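Okay, structure first, notes after.
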Protein chains: 2
Amino acid sequence: GKKVLIVYAHQEPKSLNGSLKRVAVEELSKQGCSVTVSDLYAMQFEPRATRNDIVGCLQNTEEFDYGVETWQAYKRGGLSSDLIEEQKKVQEADLLIFQFPLYWFSMPAIMKGWMDRVLVQGFAHEYPNCYDSGFLQNKLALFSFTTGGSKEMYAKEGIGGDIRYLLWPLQHGIMHFCGVKVLAPHICFAPEYVSEEKRKEMLIAWTQRLKTLWKEEPINCSPEWYFK
Amino acid sequence: GKKVLIVYAHQEPKSLNGSLKRVAVEELSKQGCSVTVSDLYAMQFEPRATRNDIVGCLQNTEEFDYGVETWQAYKRGGLSSDLIEEQKKVQEADLLIFQFPLYWFSMPAIMKGWMDRVLVQGFAHEYPNCYDSGFLQNKLALFSFTTGGSKEMYAKEGIGGDIRYLLWPLQHGIMHFCGVKVLAPHICFAPEYVSEEKRKEMLIAWTQRLKTLWKEEPINCSPEWYFK
């Protein structure tokens, strides 16, 4: 069976995000996948990139460079245990699902912190091993999120612009950079403003998509997909 | 004199980001501006959006909705003291400068958390008061940041795509959404890979720009600026 890591960022298990996470665990498990969830708020996951991420001495005690120090720490096995644990989950996964409510055209800070701290140089990439030759090749990623704004607001001519514009930093800048192939995003628009009935349909649609997910082709993660 | 808030996110005072912050404080003070700095790592600023941001009882004790609860808490003066303090600084400022190293095509998580937690509904926006009618009108914002990648990598045909692509969520999705007008970004490309001499020139160029900053016209914050 395939291995799936769901990185999940919502404070409330009863939220639509909580339900989307739950039905994904159920459906993927039913398929025989092995599913792991990183429930970031429940873990009180640390989003801040600090000296605490390096165990033991720093390479440069005069001037702290987070990128260089975590790179060196990774190579000698000296990253903090929470990072090592998340990296192990990533390493084992065939598919990463990021489940979150859109905050300010992006991920909530707690999930951005997961990206900042887990995907360190040496582990996920190391120049020139980036983009198609990043270290996390042969993995897939899928951003699944809810929005406050409606589908119309996130249309090309809408006030928020095409929703794809805001996916560039996440899908291309992070996942593609690490060599991960990206599946089409799964977006539930404005669930707060629709009926309970409609929200149930959203859960069913997600479950249905997951049934044939492994047959999907990744998107062509180049500017054309985002800004055409 | 004008009032300026610098929201600053770097762990190391001796870094180029630290120096860019320092010279901005010096130059703007010399001009007679009143400058406040929110040094996020030094403040150990909390990036996680949780129930702790609301003092006292929740409106809905059954199902926690961060957006709704902070909105209600704002209206009754029930946000946590760190948020009230940041909001006061924003309220008083004519110009917000965000100074940071680019992490994964965006702000470091600690600064994203500042956006997520400080710019609550009721304070910065409240439908339909968003974009040009957001509550933070008559303020300016400027994103000043350093990159790992070179200018060539962030050219339109470069592997990272036009640097403007990644500014869309920050400048349009956050600042413009709140009614803030956006000045052109200030970008120092790949300071780690240039000479000490070159880095000094970067500091001088920033100081020079600040000398005539108040005469600058905001950018036209619409898709054309970003994706033309």
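Annotations
- Near-label residues of the stretch A:189-204 by backbone N, under 18 Å of a point 7 Å along Cα→Cβ of B:Glu62: A:192-200
- Between A:Cys188 and A:Phe145, A:Thr146, A:Thr147, the built amide H atoms are under 5 Å apart, and every one of these is 5 or more places off in sequence or on another chain.
- Axis of helix B:66-75 versus longest Cα principal axis of chain B: the two differ by about 80°, to the nearest ten degrees.
- Burial of accessible area (probe 1.4 Å, heavy atoms of protein chains only) in the stretch B:102-116, relative to its chain alone, reaches at least 30 Å² for B:Tyr103, B:Trp104, B:Phe105, B:Ala109, B:Lys112, B:Asp116.
- Calculated Rg and Dmax of chain B using C-alpha coordinates, Å: 18.0, 59
- For B:Lys14, the aspartates and glutamates whose Cα comes closer than 12 Å to its Cα, not counting residues fewer than 8 places off in the same chain, are A:Glu62, A:Glu63, A:Asp65.
- Under 5 Å, built H, 5+ apart or other chain: amide partners of A:Gly134: A:Gly179
- Listed residue (B:Gln44, B:Phe177, B:Val23) projecting farthest to the positive dipole end of chain B, Cβ model: B:Val23
- Burial ranking of peptide ranges A:218-225, A:119-126 (average Cβ count within 10 Å, highest at the top): A:119-126, A:218-225
- Percent of Cα-Cα distances greater than 36 Å, calculated over the protein assembly as shown: 25
- Helix A:196-211 axis, angle to chain A major axis (alpha carbon atoms, nearest 10°): 60
- Interatomic Cα distance distribution for the stretch B:1-72, bins of 5 angstrom, percent: 3, 14, 18, 13, 12, 11, 11, 10, 6, 2, 0
- Gyration tensor verdict on the stretch B:169-210 (Cα atoms; rounded if a/c is under 1.5, prolate if a/b is larger than b/c, oblate otherwise): oblate
- This model, with +1 at the C-beta of Lys and Arg and -1 at the C-beta of Asp and Glu, gives the stretch A:91-228 a dipole about its Cα centre of some 140 debye.
- When chain B is described by a simple charge dipole with +1 on each Lys and Arg Cβ and -1 on each Asp and Glu Cβ, the residue from B:Ser222, B:Leu142, B:Val118 located farthest towards its positive end is B:Leu142.
- Each chain gives up part of its surface: B and A jointly bury about 4100 Å² of accessible area, both sides summed, for a 1.4 Å probe.
- Accessible surface, chain B, averaged per residue in Å² (probe 1.4 Å): 42
- By the helix-only formula, in which each DSSP H run with n ≥ 4 contributes -39500 (n - 2.57) and the sum is divided by residues, chain A has a 222 nm mean residue ellipticity of -9500 deg cm²/dmol.
- Taking 1.002 mPa s as the viscosity and 20 °C as the temperature, the Stokes-Einstein diffusion coefficient of the stretch B:143-215 based on its alpha-carbon Kirkwood radius rounds to 157 µm²/s.
- Carbon + sulfur, % of accessible area of the protein assembly as shown - ligands and nucleic acids excluded, 1.4 Å: 51
- For the stretch A:86-205, dividing the convex hull volume of the Cα atoms by the residue count gives 113 Å³ per residue.
The values are calculated or read from the model by the stated rules, or taken from the named source; none is laboratory data. The model shown is predicted, which means the values in this text are computed figures rather than measured ones. Because the Cβ atoms are built from the backbone with ideal geometry, glycine has one as well, and the counts that use them run over all protein chains shown. For accessibility, only protein heavy atoms count, side chains too; no ligands or nucleic acids. Shrake-Rupley method; radii C 1.70, N 1.55, O 1.52, S 1.80 Å.
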